[in-house]
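So the structure is just underneath, and the comments pick up after that.
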Amino acid sequence: MDLWSRILEKLRSSVSEQKFTTWFRPIQPVEISADRVVLEVPNPFFVDWFEEHNLPLLRAAVSEALGSIPEIRFVVADGYDGRF
């Protein structure tokens, strides 16, 4: 199992299935290192909502998996067309 899959499994056990499916499954890893984690998300709204409501859970799962506390960055998917 790769690192991102382990992080997702940890998150899945910490939240409802609906929350996991809505807010964690759409995230795609771009880069994962001890210093930085870059994650692709569907749109800017996703970033705003996620940072306000879910970032602490993600940060804890990432830190546990990596054994460090990396910077977490979000990038919006290339296919985003600006509409919600």
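If I go through region 20-47 residue by residue, how many of them are charged (D, E, K, R) and within 12 Å of ALA77 (Cα to Cα)?
Narrowing region 20-47 to residues charged (D, E, K, R): 25, 31, 35-36, 40.
Keeping just the survivors that are within 12 Å of ALA77 (Cα to Cα) gives 40.
Matching residues across region 20-47 total 1.
For region 1-28, which positions are outside any helix (DSSP H, G or I) and open to solvent by less than 50 Å² (accessible area, probe 1.4 Å)? Working first, answer last.
Initially, region 1-28 is screened for residues outside any helix (DSSP H, G or I), giving 1-2, 13-16, 25-28.
The answer is VAL15, PRO26, ILE27.
If you scan region 7-47, which residues turn out to be within 15 Å of LEU57 (Cβ to Cβ) and more than 11 Å from the chain's Cα centre (by Cα)?
Within region 7-47, GLU9, LYS10, ARG12, SER13, SER14, VAL15, SER16, GLU17, GLN18, LYS19, THR21, THR22 meet the criteria.
Taking the criterion of being surrounded by 13 or more Cβ atoms within 10 Å (Cβ to Cβ) and of a type in the set (S, T, N, Q), would at least one residue in region 50-67 satisfy it?
yes
The values are calculated or read from the model by the stated rules, or taken from the named source; none is laboratory data. The structure displayed is predicted, hence computed values, not measured ones. Please note: Cβ atoms are built from the backbone with ideal geometry, for glycine as well, and neighbour counts cover all protein chains shown. Side chains included, ligands, DNA and RNA excluded: accessible areas come from the protein's heavy atoms. Shrake-Rupley method; radii C 1.70, N 1.55, O 1.52, S 1.80 Å.
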